[in-house]
1. Quick one: if the Förster radius is 35 Å, what FRET efficiency do ILE234 and SER126 give, using the C-beta to C-beta distance and rounding to 0.05?
2. For MET90, MET44, give me the order by solvent-accessible area with a 1.4 Å probe, most accessible first, ignoring ligands, DNA and RNA.
3. So if I take the centroid of the Cα atoms in segment 1-59 and the same for segment 194-233, what is the distance between those two points in Å?
4. Evaluate E = 1/(1 + (r/R0)^6) for MET68 and GLN242, where r is the Cβ-Cβ distance and R0 equals 41 Å; express this FRET efficiency to the nearest 0.05.
5. Starting from the Cα gyration tensor of segment 1-93, take the square roots of the eigenvalues, sort them a ≥ b ≥ c, and report rounded, prolate or oblate (rounded when a/c is under 1.5, otherwise prolate if a/b is larger than b/c, else oblate).
6. Below 19 Å, Cα to Cα, which aspartates and glutamates can LYS103 reach? Residues fewer than 8 away in the same chain don't count.
7. I'd like the Karplus ³J(HN,Hα) series for segment 2-7: coefficients 6.51, -1.76, 1.60, θ = phi - 60°, whole numbers in Hz, and an x wherever there's a Gly or Pro.
8. Apply the membrane-span-like helix rule to the chain: whole DSSP H runs, Cα extent along the own long axis of at least 20 Å, mean Kyte-Doolittle hydropathy at least -1.0. List the helices found.
Amino acid sequence: MNPINAIIISGEKETLQVLKKFEEENAMIIEIIGEAEGIRNGTMLIKSKKPDLIFLDIVLEDNSFFEMLEQLEFSIPKLVFLSAHKECAMLAFKHNAIDFLLKPIDFNAIILAIYKVIKRREMERSYQNHKINSINILNSASQSNDYVAVAFLEKIELIRTSDIIFCKADGKYTVFVLLNGTRIMSSRNLGEYSTVLDHNYFFRIHHSYIINLRHIVKISKKDGYFCEFSNGAILPVAKRRQEDFNKFIKLKE
């Protein structure tokens with residue numbers, strides 16, 4: 001099991017010390033990938049690091065932080081609130097917190113909170129996999145590759161494959177770049193989609209990209225291979241994939 005990636009938003013040194021100490025002794029289950037003292041820096045950290053979990057130990061003046069979370073283009077991180085005030089628990093659970101830890105916190109409380117995060121993720125993924133398997137069975141029965149199920153922890157979207165220009169790896173996520181200019185984030189990695197997308201049209205030109213042949217407008221062979229697409233994007237073909245790419249194109253000519 002991969003450790004939970006967490007960030008801490010707190011201005012309290014004691015909170016930081018306790019959570020960092022816990023991480024040192026439990027590196028198999030949690031990795032703290034960033035810290036911020038306030039909401040502004042915390043928001044920037046969330047968007048850049050895409051954590052699984054946020055430890056939130058700060059007084060919030062309004063709902064703008066939660067509104068920001070709802071607008072994220074990737075899976076909304078799980079929330080664990082920390083506070084010395086019991087009345088803050090109501091606010092925490094109002095905003096779907098996984099847990100509320102009353103300070104001073106101890107290791108037992110932290111490990112129980114992380115266990116809840118792990119179980120919630122397992123439940124979401126189990127439900128998601130069940131839905132995707134049902135879609136795949138229907139696609140197989142109809143022998144149709146017209147759509148692909150794009151998995152996100154909060155939802156599943158069906159995308160018409162002809163609308164996909166290319167797919168891009170973004171860490172553990174995959175970004176689908178579509179013909180209408182929209183981008184859809186998936187919680188699955190790029191490698192999983194390389195086996196799902198129609199091999200008649202989709203080719204992995206690079207460790208970070210799967211492209212749709214139908215949207216290539218030009219291929220440049222100067223200083224390496226580069227594909228230009230209908231939306232103006234230009235992507236490189238990795239050297240070790242150039243020979244296979246040539247064969248792939250010839251099959252379609």
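The values are calculated or read from the model by the stated rules, or taken from the named source; none is laboratory data. No experiment lies behind these values; they were computed from the predicted model shown. Here the Cβ positions follow ideal geometry from the backbone for every residue, glycine too, while neighbour counts run over all protein chains shown. Each accessible area value is taken on the protein alone, full model and side chains, heavy atoms only, with ligands, DNA and RNA left out. Shrake-Rupley method; radii C 1.70, N 1.55, O 1.52, S 1.80 Å.
1. 0.30
2. Accessible-area ranking of MET90, MET44, largest first: MET90, MET44.
3. Comparing the Cα centres of segment 1-59 and segment 194-233, I get a distance of 38 Å.
4. On the way: r = 43 Å, r/R0 = 1.04.
For MET68 and GLN242, the calculated efficiency is 0.45.
5. Oblate, because a/c is 1.5 or more while a/b does not exceed b/c.
6. GLU12, GLU14, GLU23, GLU35, GLU37, ASP57, GLU87
7. Working through the residues one at a time gives 6, x, 6, 8, 10, 10 Hz.
8. On the way: long enough: 107-142 (52 Å, -0.24).
Taking the DSSP H segments of the chain (at least 20 Å long, mean hydropathy at least -1.0), we get 107-142.
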